[in-house]
1. Can you run down the residue pairs with Cβ atoms below 8 Å, 6 or more apart or on separate chains, where the first is in the stretch 2-18 and within 15 Å of Cys43 (Cα to Cα) and free of Cβ contacts under 8 Å to residues at least 40 places away in the same chain and the partner is charged (D, E, K, R) and open to solvent by less than 100 Å² (accessible area, probe 1.4 Å)?
2. Looking only at residues that are under 36 Å from the mean Cα position of the chain (by Cα) and of a type in the set (S, T, N, Q) in the stretch 1-47, which one is most open to solvent (accessible area, probe 1.4 Å)?
Amino acid sequence: MSAECSSYLNTDKVLVSGFSCPRTGGDARAVYCCGFQDVKYCCDDPHSFFPYEHSYMWWLSVGALVGLSIAAVVLFAFIITVSVLCYLFISTKPRSKLDTGLSLQMAGKTSC
């Protein structure tokens with residue numbers, strides 16, 4: 001079984017001539033023509049979209065996990081700080097009311 005990859009223009013607008021899969025000296029299992037309009041290659045999976053190994057995806061995942069971990073630590077520190085400040089604000093309030101020197105009386109009926 002073999003497949004034909006037609007010629008195409010790569011990203012640098014250079015014409016790449018067509019070739020058949022599997023390529024000479026290449027992987028014998030790569031019998032399908034895969035890729036896009038600007039890059040074509042032989043592959044062993046007809047549903048393959050990228051000519052790269054998928055290991056780079058792990059680096060993206062590790063980077064995302066590190067970023068999320070840092071964000072979680074910052075959020076946790078913010079919550080702890082706000083909690084401590086609220087506790088200090090509440091605990092340092094005076095327990096008794098200050099005497100203003102004014103005596104409050106109910107307004108009653110006055111006779112004229």
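The values are calculated or read from the model by the stated rules, or taken from the named source; none is laboratory data. All values derive from a computational prediction rather than experimental measurement. Cβ: placed from backbone, ideal geometry, glycine included. Neighbour counts: every protein chain shown. For the accessible areas, the whole protein counts, side chains as well, though only heavy atoms, and no ligand, DNA or RNA atoms are used. Shrake-Rupley method; radii C 1.70, N 1.55, O 1.52, S 1.80 Å.
1. Taking only residues 6 or more apart or on different chains, the pairs are Cys5/Lys40; Ser6/Lys40.
2. Gln37
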